[in-house]
Each structure stands twice: as C-alpha cells, then as structure tokens.
Amino acid sequence: MFDLFRWQDILDILIVAFIMYRLLLLLVGTRAMQLVKGLLILGGISALARLLQLSTVSWFLAKTLTVLVIAIPIVFQPELRKMLEELGRGRIWKRSQVEKRAQFLSDEITNALLFLKNKKIGALLVLQRNTGLKDFWRTAVRIDAQLSQELIISIFWPNNPLHDGAVIIENSTIIAASTYLPLSENSDLSRWIGTRHRAALGVTEVSDAIAVVVSEERGEISLAINGHMSRNLKESQVRRLFQHYFGALEEEKKSIWNRIHDEINSIGHETEEE
C-alpha cells in the first residue's frame, strides 16, 4: 500500500485539510457551526451503526442525511452567503478567526473611548499583561464581564457609582471597576497633570500594564506605559495599539512588549512632526 502512496497524495490531503480548516474558521461563532457539530455526531452514529450491522438505524440515518442535504442550503442561506462573500474577497486566506476577534475587540474599546472623548467624559482603562494587578482590584467592584463598548461607556457615565477609579481589563474581560491605583511619585510631572493621569503613570511604574486615559478637561486620549506617557493620540494610533494588545497584528514574530514599544516610538515621531 505504501508503494502506491505518492507524494502528490500527501500534498492533496494537506490542501484539502487546509481548506476545511479555513472554512470551519468562517463558521465559528455562527449557527452553522452547531449544524456542523450535529452532522459530525450523526456521521459518527451512522458509522457505528454500520460497524454493528444495525440495518434499520443505518437506513434511518441515511434518509435523514439526505433530507438535511436539501434543507441545509435553505435554512442556513445567510451564513452560506456570508462565507462565499468572505471567500470572494480572499479573506479566507488572509485573516484567521483570532485576528477577526482581535479586530472586533479593538473596535469595541476604541469606539467607546472616542465616544467618551467627544463627550468629554473622563475615563481610565488599565490593560493587564504579565504582572498581576489583583492587589489593586481585590477591593474594587468585581465585574467579570465580556468587554463591550456599551459596558465601558455605562461604567464611566457621569453619576454612575462606578465612574470613579479605573477599569481593569485582562484579554477580553473587564475584571473590575472603580479601582483605585497608586499615584506616580515622579516629581518632574507638571502640576497640571490630573489625578487620572498620575494614576495611569503610577500603575505602569509598578507593573507592565498599559493604561489609557480620557481627559474630561481637554477631551484627549493619552497612553501610559512603563512610566511614560504619550498624549493626544489620534484615532488610528489608538486602534493600532489595541490591535497589538489583542494580538491582531502577527506579521512580525516578536513579543507584545516589542510591538507596543515600536508603536510608542512611532507615536513619538508623529508627535514631533506635528
């Protein structure tokens, strides 16, 4: 049998496996994915029935699968159309499900910050990385909710009991709100720097976290990392930063710290040019 097995057969199997993998990525998170799981279960039961020579069960499952082949394109027409559109745009080859998820999270948090910026509503977000921040949020209000634009806005909305303090985010989860952080001890800071900005700098001085501040006085977005702050970020800069954090940009094989560091440098250059 191995003498009849050619290298073209190996290539053939790998290509089909890759195509199936990419198609399944497009179905993750949709109703069609549940259908795929159901079909796999029916296929396993059908194979077991044939192995045990259960003719009645095999006949019934064969008829059921025949009906499903006709019903599936009708019931799941929107999902199939979306998958074909993705295939036509070439995204099936370019973007993985992880990248799509990262893009979605980046859009959610960026849109929330832009809304708060336009309304001049103060906010402080801390993105946890390798250093745990439990010492800070253990006395805060636990949220443990999926990150969303609406949730961030509602937390910092004026007169909300949780709007004071910082929101702690880990990956795609809002861990806690109304978190009080240590203020920066840097004596070189301008006295015009507010409490939120000092807290953002303070937490990045004692950890590798990333802090993002929305100023209610100036209506600008600032970034603090490693005890340094970049102010008045543009929308494109904010989006890129969150895409780096959530792992959307994986073109270069380097750590998230190096990617953020490069981004900070690019922001500094853009600020100098302005």
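The values are calculated or read from the model by the stated rules, or taken from the named source; none is laboratory data. Computed from a predicted structure; not experimentally measured. Backbone-built Cβ (ideal geometry, glycine too); neighbour counts: all protein chains shown.
Meeting the requirement of 3 or more residues that are under 29 Å from Ser154 (Cβ atoms) and modelled with pLDDT of 85 or more, the helices (runs of 4 or more DSSP H) wholly within region 174-274 are 195-205, 235-245.
Scanning region 158-168 for residues that are surrounded by fewer than 24 Cβ atoms within 10 Å (Cβ to Cβ) and not small (Gly, Ala, Ser), which turns out nearest to Asp144 (Cα to Cα)?
Pass one, region 158-168, residues surrounded by fewer than 24 Cβ atoms within 10 Å (Cβ to Cβ): 158-165.
Cutting the leftovers down to not small (Gly, Ala, Ser) gives us 158-164.
Details: Pro158: 22, Asn159: 22, Asn160: 18, Pro161: 17, Leu162: 14, His163: 16, Asp164: 18 Å.
Looking at the filtered set, the residue picked out is Leu162.
The residues of region 101-138 that are part of a loop (DSSP other than H, G, I, E, B) and over 18 Å from Gly202 (Cα atoms), listed by number, are Lys120, Ile121. Output yes when any residue across region 211-234 is buried (at least 20 other Cβ atoms within 10 Å of the Cβ), farther than 24 Å from Ala140 by Cβ and under 22 Å from the mean Cα position of the chain (by Cα), and no when none is. Among the residues of region 211-234, at least one is buried (at least 20 other Cβ atoms within 10 Å of the Cβ), farther than 24 Å from Ala140 by Cβ and under 22 Å from the mean Cα position of the chain (by Cα), which makes the answer yes. Residue selection: Ala32 satisfies the criterion of being outside any loop (DSSP other than H, G, I, E, B), at pLDDT below 70, of a type in the set (Gly, Ala, Ser) and over 30 Å from Ala166 (Cβ atoms). With respect to the conditions (1) at pLDDT below 85; (2) under 16 Å from Val212 (Cα atoms), Gln149 falls short on a single one, namely (1). Of everything in region 179-201 that is in contact (Cβ under 8 Å) with a residue 24 or more places away in the chain and of a type in the set (A, V, I, L, M), the residue that is surrounded by the most Cβ atoms within 10 Å (Cβ to Cβ) is Ala200.
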